[in-house]
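The values are calculated or read from the model by the stated rules, or taken from the named source; none is laboratory data. Computed from a prediction, not measured in an experiment: that's the story for all the values here. All Cβ positions, even for glycine, are placed from backbone atoms using ideal geometry, and neighbour counts span all protein chains on display.
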Amino acid sequence: MAGEWEPQLEPTEGDGFKWALNGETGEFTIWPVRGLGDGYPSHDTYLATAWGRPPRPPGDLLGYASIDEETIEFVTYYGAPLPEQARQWARQQFPRHALK
């Protein structure tokens, strides 16, 4: 999988969240992140605790959500589709924001 996704080196603007969909259980997990690139904690670090194992793409879907005053922009990693659970979370948490 190396080289399929390049991390950003500049800090993102607005609030950021990482998300993951467990391909084995269907559990959708999302958490706030801070810092350079797509932020910390990483998927590996966070999911090792939340799921008891690190993520395993392509079975597990991974991504990031950037949120500003009007918009939620989703980024998926490794060419994964955006799961419907991510859209549902965005509509519930930020009902007035546009989804990108």
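Taking the listed residues Tyr46, Tyr64, the one that is under 14 Å from Thr29 (Cα atoms), assigned to a strand (DSSP E or B), of a type in the set (Ser, Thr, Tyr) and within 14 Å of the chain's Cα centre (by Cα) is Tyr64, with no other qualifying. Which of the residues that make up region 76-98 are touching a residue at least 24 places away in the same chain (Cβ under 8 Å) and within 15 Å of the chain's Cα centre (by Cα)? Answer for region 76-98, where residues must be touching a residue at least 24 places away in the same chain (Cβ under 8 Å) and within 15 Å of the chain's Cα centre (by Cα): Tyr77, Tyr78, Gly79, Pro83, Gln85, Ala86, Trp89, Ala90.
Restricting to region 27-43, and then to whatever is of a type outside the set (Gly, Ala, Ser) and part of a loop (DSSP other than H, G, I, E, B), can you tell me which residue is farthest from Gln92 (Cα to Cα)?
Looking only at region 27-43, we keep the residues that are of a type outside the set (Gly, Ala, Ser), and these are 27-34, 36, 38, 40-41, 43.
Remaining after also requiring part of a loop (DSSP other than H, G, I, E, B): 27, 36, 38, 41.
Details: Glu27: 17, Leu36: 27, Asp38: 22, Pro41: 23 Å.
The selected residue is Leu36.
Name the residues in region 4-20 that are modelled with pLDDT under 95 and either surrounded by fewer than 11 Cβ atoms within 10 Å (Cβ to Cβ) or closer than 20 Å to Ile67 by Cα (or both), would you? Glu4, Glu6, Pro7, Gln8, Leu9, Glu10, Pro11, Thr12, Glu13, Gly14, Asp15, Gly16, listed by residue number. Picking from residues in region 21-41 that are over 18 Å from Pro81 (Cα atoms) and of a type in the set (A, V, I, L, M, F, W, C), the one that is surrounded by the most Cβ atoms within 10 Å (Cβ to Cβ) is Val33.
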